[in-house]
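Undergrad: The following block contains the structure, expressed as C-alpha cells.
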Amino acid sequence: MNRPTRLVTAALTVSAALLLAACGSGGGSDSTSGKIKGADDGTGKASAPAGDATSAAPGGAKRPVITFPSDFQVEFEGWTNSDPKLQAILNDGREELKSEYAAIIAADPNLDAVTFYNSGESLTSAHKWIKSFVDDDNSLTGAIRVFTPKAAISDTGSAALFFCVDERKSSTKNRKTHKVVHTPDEADSVLQYRAKLQKSGQGVWKTVYVDTIAGGCR
C-alpha cells in the first residue's frame with residue numbers, strides 16, 4: 001500500500017524494554033487459528049456496516065460488533081491462549097486492530113469501536129491516522145494476516161501485546177477513482193506491533209500506546 005510503514009496507529013515512543021520484560025513473564029499463544037467475524041465466508045455477501053451493533057461480554061461491557069465488506073479480510077492465526085487472563089488481552093487487542101480497519105473502510109475516524117478499544121495517546125493517534133485515509137478518499141481491500149501474538153501482564157497490572165501483521169496482500173482503493181495501490185511485496189510490509197494496554201473499569205483492555213517496526217517480524 002502507498003502509505004506509512006505502520007498500518008494502524010501512528011508510531012509512539014514506547015519503551016521496548018518494558019514491553020519485552022512483560023512478555024518475558026509468559027504469554028506465548030496456542031496454535032489454533034480462525035478468521036474473524038466479518039471476513040469473507042465464501043458466500044460473496046458483504047457484511048453489515050461496522051460498528052452499528054454491540055455484543056454482550058463478561059463483566060457487563062457491551063463490545064461493538066465489527067464487520068467488514070466481503071472484499072476485505074483479516075485472518076488471525078494462533079490467536080488463542082490457555083490462560084483466560086491472557087486470552088482476554090488477545091481478544092481486546094484483536095478487536096482494537098479490527099476497529100481501525102473498519103473505521104477506514106467506513107470513512108469514519110470517530111467510529112465508536114475505535115473509542116471503545118483505545119485510550120489516551122493511542123486514541124489521538126488512531127483518529128489522526130484514520131483521518132489521513134478519509135481525507136485522501138482511500139479505503140482498504142484485499143487480505144491481511146495477523147500472527148504470532150504474545151501477551152503478558154506486568155507487575156503493575158498493565159499488559160503488553162506483541163504481534164505481526166502481514167500487509168503484502170492488501171491494498172488501498174480510492175473511493176472516487178477506484179484506483180488500487182498494492183502494498184509492496186517486501187519484508188518491510190510485515191510489521192511487528194508492540195502495544196501497551198490498560199484494563200478499564202468495565203473490564204476492557206484498552207490500547208494506550210502502540211509502536212510498530214517495519215520488517216520487525218523477519
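Undergrad: Being in contact with a strand residue (DSSP E or B) (Cβ under 9 Å, 6 or more places away or on another chain), crowded, with 21+ Cβ neighbours inside 10 Å and among the aromatic types (Phe, Trp, Tyr), is that true of even one residue in region 115-132? Can you show your working first?
TA: Taking region 115-132 first, the residues in contact with a strand residue (DSSP E or B) (Cβ under 9 Å, 6 or more places away or on another chain) are 116-127, 132.
Now narrow it down to the ones that are crowded, with 21+ Cβ neighbours inside 10 Å: 116-118, 122, 126.
Okay, now just the ones that are also among the aromatic types (Phe, Trp, Tyr), so 116-117.
Within region 115-132, one or more residues are in contact with a strand residue (DSSP E or B) (Cβ under 9 Å, 6 or more places away or on another chain), crowded, with 21+ Cβ neighbours inside 10 Å and among the aromatic types (Phe, Trp, Tyr).
Undergrad: Considering region 162-174 alone, what residues qualify as being open to solvent by 10 Å² or more (accessible area, probe 1.4 Å), of a type in the set (D, E, K, R) and within 18 Å of Val210 (Cβ to Cβ)?
TA: Asp166
Undergrad: Tell me, which residue of region 144-161 that is buried (at least 18 other Cβ atoms within 10 Å of the Cβ) and out of contact with any helix residue (DSSP H, G or I) (no Cβ under 6 Å at 6 or more places or on another chain) is nearest to Thr207 (Cα to Cα)? If you could, list the steps in order and put the result at the bottom.
TA: In the first step, residues of region 144-161 are kept if they are buried (at least 18 other Cβ atoms within 10 Å of the Cβ); the result is 144-146, 149-153, 158-161.
If we keep only those that are out of contact with any helix residue (DSSP H, G or I) (no Cβ under 6 Å at 6 or more places or on another chain) as well, we get 144-146, 153, 158.
Details: Ile144: 20, Arg145: 20, Val146: 17, Ile153: 13, Ser158: 10 Å.
Restricting to residues being buried (at least 18 other Cβ atoms within 10 Å of the Cβ) and out of contact with any helix residue (DSSP H, G or I) (no Cβ under 6 Å at 6 or more places or on another chain), the top hit is Ser158.
Undergrad: I'd like to verify a number: residues in region 91-139 that are under 18 Å from Pro69 (Cα atoms) and outside any helix (DSSP H, G or I), how many?
TA: 7
Undergrad: Look at region 58-90 and say how many of its residues are part of a strand (DSSP E or B), open to solvent by 30 Å² or more (accessible area, probe 1.4 Å) and within 26 Å of Thr141 (Cβ to Cβ).
TA: 4
Undergrad: Let me ask something else. Could you please give the count of residues in region 153-182 that are assigned to a strand (DSSP E or B), over 14 Å from the mean Cα position of the chain (by Cα), touching a residue at least 40 places away in the same chain (Cβ under 8 Å) and over 19 Å from Lys199 (Cβ atoms)?
TA: Within region 153-182, residues that are assigned to a strand (DSSP E or B), over 14 Å from the mean Cα position of the chain (by Cα), touching a residue at least 40 places away in the same chain (Cβ under 8 Å) and over 19 Å from Lys199 (Cβ atoms) number 5.
The values are calculated or read from the model by the stated rules, or taken from the named source; none is laboratory data. Being a predicted model, the structure only gives us computed values, none of them experimental. Neighbour counts are summed over all protein chains in view; Cβ atoms, including those assigned to glycine, are modelled from backbone coordinates with ideal geometry. Calculation scope for accessible area: heavy atoms of the full protein, side chains included, ligands and nucleic acids excluded. Shrake-Rupley method; radii C 1.70, N 1.55, O 1.52, S 1.80 Å.
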